[in-house]
Amino acid sequence: MSEEQAGEGLDDAVLPFAVEALDVRGRAVRLGPALDALLGRHGYPDAVSRVVGEAAALTALLGASLKLEGRFQLQTKSDGAVDMIVVDFDAPDRLRAYARFDADRVEAAGPNPRTGDLLGTGVLAMTIDQGTAASRYQGVVPLEGEGFEAAAHQYFRQSEQIPTHVRLAVGEVFAEGRHAWRAGGLLTQFLPSSPDRMRAADLPPGDAPDEARVPETAEDEAWAEAKALASTVEDHELVDPAVSSERLLYRLFHERGVRVFEPQSVRETCRCSRDRIMAMMRNFSPEDRRDMVGEDGRIGVTCEFCSRHYDLDPADVEAEVAATDAPSGAA
């Protein structure tokens, strides 16, 4: 790829790339209008929006590896001011997210808290579901006061055993008379043909004494170079609308030769629907459904992901539940 070819790229897209001279493959993501719409639905405080933006960028980077169908979900559970984040990526391109947080604790954290400080300690779960029980996989890593980059490195080291480097950034730009949210990310992986060259240092066994020494594996020179180059990327380069993913990759790897592939679009959308809400209602008992009726005589359900509100008539709900539960062939 030449500098001329590294021109304007797409927002809301994941761009796969390869640096074959270094046995490296990866993906770059840029989220613009999709992320701004996602965050705008919720009206989060700025600090929470930044954390959700990072989680969304990481989810898009990882979810884009799925083929034509399947779901990748990132979920945190922790003791921080932002105690839960859920981000879904439904292949091939659908992204949605929400966060649960303590507004008072977020405000007390100040104007620019670190992601790790808001998350606190807990766990990060990454789930791949391709439609069958046999294809479902979940990796869980600890959150220990660090952000999503550190958690992703731990995930790939212990679950995938692939040397991986992740960079994430979130920012705001002023466009069309208002501030808009953007996020970017870069995932770089070492995938040589020889398994011996890919081998990473072993994790220390959990029952080893503190003074135990774990032999270290020397890092491959090609991976050391690739990781050093990827580490030079700055936050503003990941979110700047004037720096396309193609241009960024050219800046980082042009001396080694970088090849890009067909970009994969990302769109903010939710899979909630009235039919899904009714399916959920069937899981409750008649007594529970009666308890859901508000003072206005209606059942109100709001989707946590997209904030869409469903206003249901209790009589219609009971009629549809009864019709669904009726034996086949009943009058």
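The values are calculated or read from the model by the stated rules, or taken from the named source; none is laboratory data. Since this is a predicted model, take the numbers as computed values, not measurements. Here the Cβ is made from the backbone with ideal geometry for all residues, glycine too, and neighbour counts use every protein chain on show.
Worth pointing out:
- Residues in segment 122-135 that are surrounded by 11 or more Cβ atoms within 10 Å (Cβ to Cβ) and among the hydroxyl-bearing types (S, T, Y): T127 alone.
- Yes/no for G131 being at pLDDT 95 or above, at positive phi and not hydrophobic (A, V, I, L, M, F, W, C): no
- Only one of A183, A228, A218 that is surrounded by fewer than 12 Cβ atoms within 10 Å (Cβ to Cβ) and at pLDDT 95 or above: A228
- Residue list for segment 241-264, restricted to those being without any contact (Cβ under 8 Å) to a residue 40 or more places away in the chain and acidic (D, E): E255
- If you go through segment 138-162 and pick out every residue that is over 21 Å from L31 (Cβ atoms) and either touching a Lys or Arg at 6+ places or on another chain (Cβ under 8 Å) or acidic (D, E) (or both), you end up with 3.
- Top-ranked residue of segment 145-176 - restricted to ones that are within 18 Å of the chain's Cα centre (by Cα) and among the β-branched types (V, I, T), ranked as nearest to S231 (Cα to Cα): V166
- Condition check for V321: surrounded by fewer than 19 Cβ atoms within 10 Å (Cβ to Cβ), outside the structural domain of H179 (by TED's automatic domain parsing) and of a type in the set (A, V, I, L, M): yes
- For segment 244-265, the candidate set comprises residues that are among the hydrophobic types (A, V, I, L, M, F, W, C) and surrounded by fewer than 20 Cβ atoms within 10 Å (Cβ to Cβ); within that set, the residue that is farthest from A18 (Cα to Cα) is F261.
- Flag for A230 being more than 30 Å from R41 (Cα to Cα), among the aliphatic types (A, V, I, L, M) and within 26 Å of the chain's Cα centre (by Cα): yes
- Failed condition for M292, given (1) loosely packed, with under 13 Cβ neighbours inside 10 Å; (2) more than 23 Å from the chain's Cα centre (by Cα): (1)
- Segment 265-281 residues that are free of Cβ contacts under 8 Å to residues at least 60 places away in the same chain, paired with ones that are not in a helix (DSSP H, G or I) (beta carbon under 7 Å, 6 or more apart): C272/C303; C272/F305; C272/C306; C272/R308; R274/Y310; I277/V301; I277/Y310
- In segment 129-156, the residues that are assigned to a helix (DSSP H, G or I) and under 21 Å from L119 (Cα atoms): F148, E149, A150, A151, A152, H153, Q154, Y155, F156
- Residue match in segment 95-102 (condition: in the same structural domain as A57 (by TED's automatic domain parsing) and farther than 17 Å from P45 by Cβ): yes
- The criterion of at least 1 residues that are in contact with a helix residue (DSSP H, G or I) (Cβ under 6 Å, 6 or more places away or on another chain) is met, among helices (runs of 4 or more DSSP H) falling completely within segment 221-331, by 221-231, 235-239, 245-253, 274-281, 314-325.
- For segment 100-121, the set of residues classified as buried (at least 16 other Cβ atoms within 10 Å of the Cβ), more than 15 Å from E54 (Cα to Cα) and touching a strand residue (DSSP E or B) at 6+ places or on another chain (Cβ under 8 Å) consists of F101, V106, G120, listed by residue number.
- The set of residues from segment 148-180 being charged (D, E, K, R) and modelled with pLDDT of 95 or more comprises E149, R167.
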